[in-house]
Amino acid sequence: MIWLRVDGRRLRPAKILCVARNYSEHAKESGGDVPEVPVFFLKPLTALLASGGTILLPPESHRVELECELAVVLGKGGRDVTKTRAMGLVMGYAVIFDITARDLQREAKEKGLPWTTAKGFDTFAPISAITPAKRVRDPHDLAIRAEINGEVAQDSNTHEMVHRIPDLIASASRIMTLERGDILATGTPAGVREIRAGDVLRGTIERVGRLDARVARKV
Ligand code: MG
């Protein structure tokens with residue numbers, strides 16, 4: 001069980017809620033548009049990995065990709081939260097990698113099956129320490145960057161996000177009760193790339209922090 005760290009304190013994670021295709025350039029590279037209504041999926045808590053950890057490539061996949069995202073961490077829960085109240089639930093922000101077995105996801109899409117396998121392997125959700133919300137004035141204006149072995153793969157800004165954080169929280173809370181410790185991954189910008197055993201990954205979000213991970217094959 002991975003605990004979240006915020007200002008030297010520990011926070012128990014509740015669920016990992018992710019949004020699909022929320023940056024138009026990434027939606028294009030994955031062959032679609034940004035959906036009009038946010039499309040959510042869940043990752044299991046066992047996918048969490050602390051910064052500095054090792055992502056394990058499962059033998060079931062031949063193409064695993066890196067998606068660097070801004071994570072919103074909730075300090076309060078709610079149900080049917082309005083957009084105007086939504087930001088009041090936010091405790092802080094973190095850098096998260098939504099690691100994806102792309103070949104398995106494609107196969108699932110073609111067959112109309114859920115993405116649970118493609119998104120849900122252990123270590124597929126590395127996350128940084130949490131930066132308290134009060135230190136991030138505008139979460140929709142942050143440089144976001146991902147590097148693989150020191151080479152820039154993703155280089156964007158959270159202002160490119162289509163469905164904004166208050167909309168995501170409001171929409172999600174109409175489906176499921178939100179809880180303290182929930183992690184909301186807000187989608188990835190363009191530049192998604194394959195990762196291989198031996199790679200060294202770094203995700204950086206302005207004002208929020210840094211996330212480091214290594215990649216190895218699962219034996
Ligand atoms: Mg993603």
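The values are calculated or read from the model by the stated rules, or taken from the named source; none is laboratory data. Everything quoted here is computed from the prediction, not taken from an experiment. Here the Cβ positions follow ideal geometry from the backbone for every residue, glycine too, while neighbour counts run over all protein chains shown. Just so you know, the surface numbers come from the protein's heavy atoms only, side chains and all, with ligands and any DNA or RNA stripped out. Shrake-Rupley method; radii C 1.70, N 1.55, O 1.52, S 1.80 Å.
Picking from L201, L184, which residue would you name as being in contact with a helix residue (DSSP H, G or I) (Cβ under 7 Å, 6 or more places away or on another chain), under 28 Å from W3 (Cβ atoms) and part of a strand (DSSP E or B)? I'd like the intermediate steps shown before the answer.
Values: L201 fails: in contact with a helix residue (DSSP H, G or I) (Cβ under 7 Å, 6 or more places away or on another chain).
Exactly one residue qualifies, and that residue is L184.
Return the residues of the stretch 119-149 that are hydrophobic (A, V, I, L, M, F, W, C), farther than 22 Å from G181 by Cβ and out of contact with any helix residue (DSSP H, G or I) (no Cβ under 7 Å at 6 or more places or on another chain); say none if nothing qualifies. Steps first, please.
Of all residues in the stretch 119-149, those hydrophobic (A, V, I, L, M, F, W, C) come to 121, 124-125, 127, 129-130, 133, 136, 142-144, 146, 148.
Add one more test, that the residue is farther than 22 Å from G181 by Cβ, and what stays is 142-144, 146, 148.
A143, A146, I148, listed by residue number.
Among the residues that make up the stretch 48-61, is at least one of them of a type in the set (A, V, I, L, M, F, W, C), away from the ligand (no atom under 11 Å from the Cβ) and within 13 Å of the chain's Cα centre (by Cα)? Show your work before the answer.
Here is the first cut: in the stretch 48-61, the residues of a type in the set (A, V, I, L, M, F, W, C) are 48-50, 55-57.
Remaining after also requiring away from the ligand (no atom under 11 Å from the Cβ): 48-50, 55-57.
Filter once more, so that each one left must be within 13 Å of the chain's Cα centre (by Cα): 48-49.
Checked against the condition, which is being of a type in the set (A, V, I, L, M, F, W, C), away from the ligand (no atom under 11 Å from the Cβ) and within 13 Å of the chain's Cα centre (by Cα), the stretch 48-61 yields at least one hit.
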Taking the stretch 31-47 and keeping only residues that are out of contact with any Asp or Glu (no Cβ under 9 Å at 6 or more places or on another chain), open to solvent by less than 30 Å² (accessible area, probe 1.4 Å) and touching a residue at least 12 places away in the same chain (Cβ under 8 Å), one is left with P35, F41
Residues of the stretch 192-219 being under 25 Å from H163 (Cβ atoms), open to solvent by 20 Å² or more (accessible area, probe 1.4 Å) and within 16 Å of the ligand (Cβ to nearest atom), in sequence order, are V192, R193
Note on the stretch 1-30: residues of a type in the set (D, E, K, R), within 19 Å of A190 (Cα to Cα) and in contact with an Asp or Glu (Cβ under 9 Å, 6 or more places away or on another chain) are R21, E25
Subject >> Residue match in the stretch 160-179 (condition: of a type outside the set (A, V, I, L, M, F, W, C), within 15 Å of the ligand (Cβ to nearest atom) and surrounded by fewer than 20 Cβ atoms within 10 Å (Cβ to Cβ)) >> reply: yes
Expected single match for at pLDDT below 95, away from the ligand (no atom under 11 Å from the Cβ) and aliphatic (A, V, I, L, M) among V34, V64, V73 is V34
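Just the residues that are more than 11 Å from the ligand (Cβ to nearest atom) and touching a Ser or Thr at 6+ places or on another chain (Cβ under 9 Å), please, taken from the stretch 89-101. Spell out how you get there, then give the answer.
Residues of the stretch 89-101 more than 11 Å from the ligand (Cβ to nearest atom): 89-95, 101.
L89, G92, Y93, A94, V95, A101 - these are the residues of the stretch 89-101 that are more than 11 Å from the ligand (Cβ to nearest atom) and touching a Ser or Thr at 6+ places or on another chain (Cβ under 9 Å).
Could you list, in sequence order, all residues of the stretch 124-139 that are open to solvent by 20 Å² or more (accessible area, probe 1.4 Å) and in contact with a strand residue (DSSP E or B) (Cβ under 6 Å, 6 or more places away or on another chain)? Before the answer, list the steps.
From the stretch 124-139, those open to solvent by 20 Å² or more (accessible area, probe 1.4 Å) are 129, 133-135, 137-138; that's our starting set.
Once the filter is applied, which keeps residues that are open to solvent by 20 Å² or more (accessible area, probe 1.4 Å) and in contact with a strand residue (DSSP E or B) (Cβ under 6 Å, 6 or more places away or on another chain), the stretch 124-139 yields A129, A133.
Going through the stretch 14-30 one residue at a time, which ones are open to solvent by less than 70 Å² (accessible area, probe 1.4 Å) and either more than 10 Å from the ligand (Cβ to nearest atom) or part of a loop (DSSP other than H, G, I, E, B) (or both)? Break it down stepwise before answering.
Step one: of the stretch 14-30, the residues open to solvent by less than 70 Å² (accessible area, probe 1.4 Å) are 14-20, 22-24, 26-27, 30.
Hits for the stretch 14-30 are A14, K15, I16, L17, N22, S24, A27, S30.
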